[in-house]
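These notes are about the structure you will find just below.
The numbers here are math on the coordinates, done by the rules we state, and not lab data. Bear in mind that the values here come from a model prediction, so they are computed numbers and not experimental data. Note that each Cβ is placed from the backbone with ideal geometry, even for glycine, and that neighbours are counted across all protein chains shown.
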Amino acid sequence: KDIAGTSTSGIASGNKLSKGWAVAAGAIAGVASAAFSKVTSVISNSMGDAVKRFDTLNNFPRVMKNLGINSDEAKKAIDKVSEKLIGLPTTVDEAALSIQRLASVNNNVGKSTDYFLALNNAILAGGASAQLQSSAIEQLSQAYSKGRMDMMEWRTIQMAMPAQLNQIAKAMGTTTDALGEGLRNGTISMVDFMATI
């Protein structure tokens, strides 16, 4: 006991208790701050994706019009893609860019939309990583634009959808290796390949 008769051990334990509450309060504040930061980040990313999607939906008909494609046809195409991609990891932005590239070659947004959706389904069925799927769509769109596939594009497609390539080759009356060779040397057309997919 001190001079006033107060127990010093009681003060000490009170100080420890205060410090314990302060530490706990600090920890709770830290967790709350981290949670708030994460929620804010998720909301921000979702808003960014929504704005991007809105821009794509608005810009797509304009881009198609520049290619000489009727804006009604373009709207039907983007509506179809938006509906078909619900629940799939492929974004409308990725779809729109691929369709634009395909349509710039064949001037047919309906056919290009069907090509993209078939290709996307085949690649998703391949079960590859999202990054490889995205790369395969890009590579195949590029090959279609050129009218011929190079070895790097072929390898990417092979990695993304090996079983599906085998099915496509059989549907075209050939083997996977012969299909790859034909697409690279031009004896099998990219148009026939895309139509078969």
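With a cut-off of 14 Å between beta carbons, the residues surrounding THR156 carry a summed charge of -1, where Lys and Arg count +1 and Asp and Glu -1. Only Cα pairs under 8 Å and 6+ residues apart enter the sum, and on that basis the relative contact order of region 95-197 stands at 28 percent.
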